[in-house]
Amino acid sequence: MVGRLEGRIAIVTGKHRRLIAEPLAKGYWIGGGSGFGAGITTKFIQEGAKVLIADLSEENGKKVAQSTGAEFLSADVTKRSDWEALLQKAVDSFGGLDIIVNNAGTTYKNKPTEDVTDDDFDMVFNVNVKSIYLSTNVLLPYFLKNDRPGVFINIASTAGIRPRPGLTWYNASKAAVSNATKTMAVEYGSKKIRFNAVCPVVGSTGLTHLFIGKPDTEENRKAFVSTIPLGRGSTPKDVANACSYLASDEAEFITGVNFEVDGGRCV
Ligand SMILES: NC(=O)c1ccc[n+]([C@@H]2O[C@H](COP(=O)([O-])OP(=O)(O)OC[C@H]3O[C@@H](n4cnc5c(N)ncnc54)[C@H](O)[C@@H]3O)[C@@H](O)[C@H]2O)c1
């Protein structure tokens with residue numbers, strides 16, 4: 001069977017680290033064995049894509065690359081020169097580029113907004129928003145010059161739509177991701193370049209304890225999950241399935257959406 005993404009070439013950003021908190025065995029919280037980036041890479045390769053992983057950490061990125069058959073390049077998504085190197089690597093290794101998944105993201109620990117520092121603010125806006133600016137600024141000229149119908153998938157969050165307290169500037173950075181995604185969808189529609197945002201609800205990854213802002217205990221997770229109608233957090237597989245669809249030709253008429261992967265949280 002031909003995969004949904006057969007022959008496509010993708011860059012997936014994010015350190016792809018393993019869970020730091022194991023999922024609980026009670027069934028109301030289901031976690032994958034890794035962050036969303038590893039799930040997306042695994043799914044894309046299953047669907048026939050060639051994937052270049054972009055990761056701050058050589059160790060983690062290389063591990064995922066080896067286990068999935070992806071290529072790896074160490075990159076900081078807040079640096080223009082690293083985006084230029086990623087494009088060059090995709091062209092040299094695979095012969096081009098079709099899909100970018102801007103998955104790398106970060107947060108400060110949930111806390112009262114008056115306690116947020118300048119460093120916290122700069123960190124979330126650099127990693128979550130400037131990375132999208134740089135990826136488009138560097139990669140759009142490639143798609144336009146080569147008349148290639150590129151696909152951008154930006155991992156935003158339900159936090160940008162239905163924010164919880166204590167994460168004001170993380171939430172605002174994700175709202176910026178969704179807004180920029182919609183703006184570019186309108187701007188580049190005539191060039192057949194699609195932009196969509198994927199908005200996961202809280203999942204069990206390296207960032208979870210920071211979102212909760214409390215110890216990652218059964219009781220504290222239960223309180224989070226009680227606000228999700230389908231009764232669990234998101235998994236890397238949920239996010240990867242959404243990305244795979246949006247990257248494929250099945251979604252050729254879909255652009256500018258905030259695709260909520262949230263078990264009904266944002267209803
Ligand atoms: N986990 C959740 O509950 C949740 C919910 C909604 C959205 N998200 C978003 O999903 C995305 C993936 O996060 P995750 O939950 O898999 O966590 P994760 O920590 O496992 O993965 C995110 C990775 O991005 C990497 N990164 C940070 N700064 C970087 C930089 N400058 N250059 C390159 N990589 C960098 C981090 O090292 C990290 O490993 C993020 O954008 C996050 O905001 C997560």
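Just so you know, all these numbers are worked out from the coordinates, no wet-lab data involved. The structure presented is a predicted model; accordingly, all values stated were derived computationally and were not measured. So basically every Cβ, Gly included, is an ideal-geometry build from the backbone, and we count neighbours across all protein chains shown.
Of note:
- Over all directions, the projected convex hull of the C-alpha atoms in region 89-155 averages 5.5 nm² in area.
- Where both bridge residues fall in the chain, DSSP classifies roughly 5% of the beta bridges as antiparallel.
- Enclosed volume per residue, in Å³, of the convex hull spanned by Cα atoms of region 78-124: 85 Å³
- Legend: distances between Cα atoms for LYS63/LYS237; LYS79/LYS192; LYS145/LYS182; LYS63/LYS111; pairs beyond 30 Å are LYS63/LYS111.
- 10 °C / 1.306 mPa s Stokes-Einstein diffusion coefficient of region 73-199, Kirkwood radius on C-alpha pairs, µm²/s: 104 µm²/s
- Shape parameters for region 126-180, alpha-carbon atoms, Rg then Dmax in Å: 13.5, 45
- Computed over the alpha-carbon atoms, the chain gives an Rg to Rh ratio of 0.95, Rh here being the Kirkwood radius from the mean inverse distance.
- Acute angle (nearest 10 degrees) that the helix 58-68 long axis makes with the longest principal axis of the chain, alpha-carbon atoms: 70 degrees
- All-pairs alpha carbon distance profile, region 190-267, 5 Å steps from 0, percent: 3, 15, 22, 20, 16, 10, 7, 5, 2, 1
- Fewest-first sequence of ARG80, ARG232 by Cβ atoms within 10 Å of each Cβ: ARG80, ARG232
- A viscosity of 1.567 mPa s and a temperature of 4 °C, combined with the Kirkwood radius over Cα pairs in Stokes-Einstein, give a translational diffusion coefficient for region 171-220 of 98 µm²/s.
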